[in-house]
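Engineer: This structure is in structure tokens; I'll ask about it shortly.
The values are calculated or read from the model by the stated rules, or taken from the named source; none is laboratory data. Predicted, not measured: the structure shown is a model, and the values here were computed from it. Please note: Cβ atoms are built from the backbone with ideal geometry, for glycine as well, and neighbour counts cover all protein chains shown. Remember, those area values only see protein heavy atoms, side chains included, never the ligands or the DNA or RNA. Shrake-Rupley method; radii C 1.70, N 1.55, O 1.52, S 1.80 Å.
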Amino acid sequence: MNKSAAELHRDSPAYGREGGFGTMPVYRNPIFGEQKLMDEAAAREIAEKFGQAMGKTYVYAPPYWMAPGEQERIREQVGEKLRATGDSEEEIEKVLREQFFTQESWEFRCGDESLTVNAWGGISLTVPLPDLPPIRITDRAKYESVCLQIYQSYAAGYEAVTGLRFNNASTAFDYNIYGEEMFQTFFYVNNSADPLAKQAEDYALRRLDVNIPFASMAEEPDEVLVAYLHYDGSHSGAAELGGYPVMDLAGAKQALLDSHYEASVSATPEELSRATVEEAELIYADRPWLSAWMPVYRLSLTFPQEDMGDWNNNTPS
């Protein structure tokens, strides 16, 4: 549910375009079915490469259950509870292995910074915020300025690991879990000499998100503030399955009328026929539960007042 078309990423090369995309690639989702792609050695290599580029050393921080005696304690407590419910020793071992002793991410620390590498190549970096005055929740320009400052401090590390240069910023409206209006800033690969379809693909799939938690934007922030920089490496490592002819915008609108869409709020075919498509954006559907990633349209709609009910706007894709 969205308040207006303003939350769409207007910086996207595909924003508001009626055509010119031709064929865009479809990718296999490398994390579909939870296929594990990386081990501890590979995660350490990423952390080392990141640190070398930054002139820092990120030290491995083992998970809590690797502390002396911790596995034995967990094994005893979990085993006691499961045996009481009739689970076999084989079933208990499976629970312990899958829910307690499976490692799918590796954390590395350097002072107040925490670098996490997951099994699919994703990189998350938690860093202290710069010593700046609090950011008002409506101050979009200041929010982007702080995100830019944070990103620039770590750009060399991300470039060393990903081989990508994130040289453009995009800030758009977003919402937190409480429905409060927020901002979302990310940095993306951009080469204006590339064909439009390539620019749109890079914008959607090859980008680095910078997020300042909403609590840190309050006028009286917490004493300890953090910013999260995140890059999902699986977007670069996905195998291309083939070309996908991109539907024109008129076809996307017709698919909407034919109820071929996904949305957080349902609308009847009659309501859709009365709605106005205000803005359109071509994005990639890259949700974890999809076996393949492909380009889709995200449309922002305005409904007549009589169709609004208890909701304001809807954004089917």
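Engineer: If I ignore ligands, DNA and RNA and count only protein heavy atoms, how much of residue 159 is accessible to a 1.4 Å probe, in Å² to the nearest 10?
Structural biologist: 50
Engineer: For a protection proxy built on the mean count of beta-carbon atoms within 10 angstrom, sort 274-280, 118-124 highest first, please.
Structural biologist: Packing proxy ranking, top to bottom: 118-124, 274-280.
Engineer: Take residue 53 and residue 254, extend 7 Å from each Cα along the Cα→Cβ direction, and tell me the distance between the two endpoints in nm.
Structural biologist: In this crude spin-label approximation the distance works out to 4.5 nm.
Engineer: Also: Of 171, 302, which has the most accessible area with a 1.4 Å probe, and how do the rest follow in descending order?
Structural biologist: 302, 171
Engineer: Let me ask something else. Quote to one decimal, in nm, the extra length available between residue 99 and residue 80 on full extension: 0.36 nm per residue of separation minus the C-alpha distance between them.
Structural biologist: Answer, rounded to one decimal: 5.3 nm.
Engineer: What is region 49-154 by shape, rounded, prolate or oblate, if you read a ≥ b ≥ c off the alpha carbon gyration tensor as root eigenvalues and call it rounded for a/c under 1.5, prolate for a/b larger than b/c, and oblate otherwise?
Structural biologist: Prolate, because a/c is 1.5 or more and a/b exceeds b/c.
Engineer: Which value, in Å² and to the nearest 10, is the accessible area of residue 173 when all protein chains are kept and the probe is 1.4 Å?
Structural biologist: Residue 173 exposes around 50 Å² with every protein chain in place.
Engineer: For a protection proxy built on the mean count of beta-carbon atoms within 10 angstrom, sort 61-72, 86-97, 251-262 highest first, please.
Structural biologist: Ranked by mean Cβ neighbours within 10 Å, highest first: 251-262, 86-97, 61-72.
Engineer: With every protein chain left in place and a probe of 1.4 Å, what is the accessible surface of residue 162, to the nearest 10 Å²?
Structural biologist: 30
Engineer: So how much slack lies between residue 44 and residue 32, counting 0.36 nm per residue of separation and subtracting their Cα-Cα distance, in nm?
Structural biologist: Additional length available on full extension: 1.9 nm.
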